[in-house]
1. (1) surrounded by 18 or more Cβ atoms within 10 Å (Cβ to Cβ); (2) in a loop (DSSP other than H, G, I, E, B): which one isn't true of Thr172, the others all being true?
2. Out of (1) of a type in the set (Val, Ile, Thr); (2) under 30 Å from Gly72 (Cβ atoms); (3) surrounded by fewer than 20 Cβ atoms within 10 Å (Cβ to Cβ), the odd one out for Val210 is which?
3. Hey, can you tell me all the residues within region 175-194 that are in a helix (DSSP H, G or I), free of Cβ contacts under 8 Å to residues at least 60 places away in the same chain and surrounded by 14 or more Cβ atoms within 10 Å (Cβ to Cβ)?
4. Among the residues of region 48-83, what is the count of those that are aliphatic (A, V, I, L, M), more than 28 Å from Asp107 (Cβ to Cβ) and touching a strand residue (DSSP E or B) at 6+ places or on another chain (Cβ under 6 Å)?
5. Let me confirm something: among Leu87, Leu139, Leu161, which residue is within 28 Å of Ile193 (Cβ to Cβ) and touching a Gly at 6+ places or on another chain (Cβ under 7 Å)?
6. Among the listed residues Asp197, Asp155, Asp151, which satisfies the condition of being part of a loop (DSSP other than H, G, I, E, B) and of a type in the set (Asp, Glu)?
7. Which residue, of Arg119, Arg138, is over 21 Å from Asn16 (Cα atoms) and among the charged types (D, E, K, R)?
8. Which condition number does Ala164 fail, the rest of (1) surrounded by fewer than 22 Cβ atoms within 10 Å (Cβ to Cβ); (2) within 17 Å of the chain's Cα centre (by Cα); (3) in a helix (DSSP H, G or I) being met?
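FYI, it's all coordinate maths here, none of it is from the lab. All figures in this text were calculated on a predicted structure; none of them were measured in a lab. Virtual Cβ from ideal backbone geometry, glycine too; neighbours counted across all protein chains shown.
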Amino acid sequence: MSSPAGQERVHLPRANAGFFDTFMPFEIRLAQRRAMIWGSGVDDVMHAFIGLYLVRLTRQTDGGFPGAAEGGTELGDHVYDLLRNALRDSDIAGSLSPDSHLGVARDVYPERANVIAQRFLTAAASSALVSGADLVVRLGYVIYPLSTPPDHPVDQWHTLLALAHQLSCRDTSSNPVSGIGMLRGVKTAAVGIPETDLIPLALQDPEALVRAGVLQLQRINLLPRM
C-alpha cells in the first residue's frame, strides 16, 4: 500500500526476537477477541486476521548462509528491507536471525493475504544482490485465526511460527524464490475443529486438512518483471 502523494513512508523500528515474544501474545489475543465478537464467517471477521510471514534464507550451493565476513550481514539487511517495503507502514517487520526474518501484518483479508507475499517474492526475484549471492529465498506464512473457536494458547505463538517455517520448507524445487501460505478453508466453520486440535494436526498432516476443506494453501505466482 503506497503512501499519499508527497508523503514518505514511515516505518516502525526493526523488531527482534525479544520484541516478538512480548508483542505476539497480545496480537493473537486481540485477533481471538475480535473473531469471537464479530462472528465466525470470513467476511464478518476480515479485520480480525493477522498474517505471520516468515522468510528463510539459504544458499543453493551448500544450503548454508554466508557469514559476516562473506557479506551475510549485508544480505540479511537487504532481504529485511525487501520484506519491510512489501508490508504496510503499520505492519511489523523484524529479524529473528541474520538468515530469518518475520513480518506481521494486521487487518488482513484472508483471500488477499498473498499480495504481501507476492510483492516481497517478486522484489527478491528481481534483486541483483540476491541472485548474485546464489541465495535461496523461501517464504511461509500463516493467516490467523485458523479455526473457530480461536483458542490457541497465546503463550505458544511459536507454534504458529513453526507452522510458517514448515510451509517455507515445502518447496524443494530449484526455483531460488518461492512461497506458500496457509489459511482457513471453505469448510472450517462447518467442521468447527478448535485450534488446540487443529494446529497440531496442521503440523503433522496438513494435506489431509486441505483435502477436507478445513484449511487451504496459497501458492505464490511471481509478478512478471517490468
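1. Status for Thr172: all satisfied but (1).
2. (2)
3. Hits for region 175-194 are Thr188, Val191.
4. Going through region 48-83 one residue at a time, the tally reaches 0.
5. It is Leu139.
6. Asp151
7. Arg119
8. (1)
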